[in-house]
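Structure record follows, encoded as structure tokens.
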Amino acid sequence: MEKKRATPVEAGAKKKRQKRNLRNAALLVIGTAGFIAVAAVAPSMFQILGRTGALTRLKYRSKGVLARLKYKDEIEFVERDGKKYVQLTDKGEKVLDLSREKLKLTSKKQKKWDYRYRLVMFDIPEKRNGVRKLLRLEMQEVGFLRIQDSVWVYPFDCEEFIALLKADLRVGKDILYAVVEEIENDTWIRKHFDLPPD
């Protein structure tokens, strides 16, 4: 049976996902260690990512990841006793905090619902369309549900995630976070999130 080939869109999305996973793994390794030898980054990433390919290939790719993180000012290299080390910058710490919050929200552990909805509403100017797209993408990845054009809902506490996202995207005043007791005709929302019926 012939193997189905991924469409260009699917292949592009997969490539972006892999890049993001490598970046997050590198930040997690460096952030957890605090200060780590460059040579130790790839083996530690391999442990986090599991069997995503040969270690030698991951070592090669980790160099590219570290170069991109340095370019984005998320890490810095330090030389001591002839060895090269890497550590997070303040910006890198913030990016790692955001990644950890995302991981918490997407965790498969069953959360107990408190019968409150979290609404996120935004009004981002047209000239910042790229930021608006990025915001939507971030919320989709976490599992928010779009209920109106710029109104999204999530059933669990996500205030820290939204605060970090606002800071990361520099859109503090353009996003409102609200906790509401009920939304009319919410049966479809409950069904979407697999929440208990009314």
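The values are calculated or read from the model by the stated rules, or taken from the named source; none is laboratory data. On a predicted model such as this, the values are computed, not experimentally measured, just so you know. Neighbour counts are summed over all protein chains in view; Cβ atoms, including those assigned to glycine, are modelled from backbone coordinates with ideal geometry.
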Here's a check for you: in region 132-185, which residue that is surrounded by fewer than 14 Cβ atoms within 10 Å (Cβ to Cβ) and small (Gly, Ala, Ser) is nearest to Arg116 (Cα to Cα)? Ala178
Looking at this structure, is Lys166 of a type outside the set (A, V, I, L, M, F, W, C), in contact with a Gly (Cβ under 7 Å, 6 or more places away or on another chain) and either outside the structural domain of Leu27 (by TED's automatic domain parsing) or under 27 Å from Ile30 (Cα atoms) (or both)? yes
Taking the conditions exactly as written (in a helix (DSSP H, G or I) and without any contact (Cβ under 8 Å) to a residue 12 or more places away in the chain), does Arg132 satisfy them or not? yes
Within region 143-198, count every residue that is assigned to a loop (DSSP other than H, G, I, E, B) and within 21 Å of Val95 (Cβ to Cβ). 5
Based on what the data block shows, is Tyr71 surrounded by fewer than 18 Cβ atoms within 10 Å (Cβ to Cβ) and closer than 30 Å to Gln148 by Cα? no
Flagged in region 107-131 as farther than 25 Å from Pro196 by Cβ and either surrounded by 11 or more Cβ atoms within 10 Å (Cβ to Cβ) or at pLDDT 90 or above (or both), in numbering order, are Met121, Phe122, Asp123, Ile124, Arg128, Val131
Ser107 versus (1) in contact (Cβ under 8 Å) with a residue 24 or more places away in the chain; (2) under 15 Å from the mean Cα position of the chain (by Cα): which is the lone unmet condition? (1)
Within the set of pairs 6+ apart or on separate chains, which have a first residue in region 183-197 that is of a type in the set (Asp, Glu), a second that is assigned to a loop (DSSP other than H, G, I, E, B), and C-beta atoms under 9 Å apart? Asp186/Leu195; Asp186/Asp198
So is Leu28 within 24 Å of Val78 (Cα to Cα), modelled with pLDDT under 80 and not aromatic (Phe, Trp, Tyr) or not? no
Please determine, by comparing only the residues of region 94-122 that are touching a helix residue (DSSP H, G or I) at 6+ places or on another chain (Cβ under 7 Å), in a helix (DSSP H, G or I) and not aliphatic (A, V, I, L, M), which one is nearest to Asn24 (Cα to Cα). Ser99
